[in-house]
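For reference, the structure is listed below as structure tokens.
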Amino acid sequence: MGDIDDALERAGQEAFTKAPPKTLKGQIRYLLGQLKTAKAVAAELGITADSVNRYRRGARKHPPGHIQDRIDAAVRSRWQPRVRKRRQKQAATTGGITVETRAQFGYTAPIGTTDDARLRRLTVHLPPEYARRLFDAQAQGAADQEMRDIVAEGLQEVYFKDGGRRAADLHVTLNDIDYIDVTF
């Protein structure tokens with residue numbers, strides 16, 4: 001996963017109205033309820049069905065760290081999908097998204113102005129059309145560069161061009177992301 005895809009995933013998890021199960025048994029039971037069989041859960045986690053059943057019964061209580069991380073990720077990715085979808089729909093139709101990033105922005109500008117890339121820290125609210133495009137790209141499995149281009153275009157229009165009031169010929173690229181966080 002790329003930077004922006006991870007940021008969208010974190011933003012979706014912030015929408016949870018109830019915390020996902022924290023205990024190992026609770027997490028395994030939840031996954032069994034979602035995937036229906038121990039074999040399917042085992043395939044998802046990269047372990048054996050016997051191990052899944054041992055975790056469910058409580059016979060094995062402490063999985064290795066990398067297995068616990070996979071269990072946590074599997075539960076979080078399936079937790080409250082309707083809440084997540086409702087928040088995404090709201091962001092894509094009326095609310096928009098807020099992007100906070102520290103990144104290096106490159107510029108293509110008219111002669112006489114600088115086009116040197118600069119590291120900037122920005123927090124900008126993007127309109128719903130950019131949220132919709134980002135969610136659609138994520139759902140289609142778009143590459144991180146395509147999602148960076150959508151964010152760069154949004155930042156270009158809203159922040160750098162100020163909605164068309166300045167810098168008409170400016171073209172912005174998002175080059176090197178130090179961090180990015182998205183909220184909706």
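The values are calculated or read from the model by the stated rules, or taken from the named source; none is laboratory data. Since this is a predicted model, take the numbers as computed values, not measurements. Glycine also receives a Cβ, built like all others from the backbone with ideal geometry; neighbour counts cover every protein chain displayed. Please note that ligands, DNA and RNA were not included when accessible areas were found on the heavy atoms of the full protein model with its side chains. Shrake-Rupley method; radii C 1.70, N 1.55, O 1.52, S 1.80 Å.
The number of residues in region 12-42 that are in contact with an Asp or Glu (Cβ under 8 Å, 6 or more places away or on another chain) and within 19 Å of Lys85 (Cβ to Cβ) comes to 0. For the criterion of being under 30 Å from Asp178 (Cα atoms) and in contact (Cβ under 8 Å) with a residue 60 or more places away in the chain, Arg76 passes. For region 156-169, a residue qualifies if it is of a type in the set (A, V, I, L, M) and touching a strand residue (DSSP E or B) at 6+ places or on another chain (Cβ under 6 Å), and exactly one does: Val158. Taking region 4-38, which residues are assigned to a helix (DSSP H, G or I) and open to solvent by 60 Å² or more (accessible area, probe 1.4 Å)? Answer for region 4-38, where residues must be assigned to a helix (DSSP H, G or I) and open to solvent by 60 Å² or more (accessible area, probe 1.4 Å): Arg10, Lys25, Arg29, Gln34. The set of residues in region 39-70 being within 14 Å of Arg29 (Cα to Cα), in a loop (DSSP other than H, G, I, E, B) and open to solvent by less than 40 Å² (accessible area, probe 1.4 Å) consists of Gly58 alone. All conditions in (1) at negative phi; (2) open to solvent by less than 50 Å² (accessible area, probe 1.4 Å); (3) of a type outside the set (Asp, Glu) hold for Gln80, with the sole exception of (1). The set of residues from region 124-183 being among the basic types (Lys, Arg), surrounded by fewer than 19 Cβ atoms within 10 Å (Cβ to Cβ) and in a helix (DSSP H, G or I) comprises just one member, Arg132.
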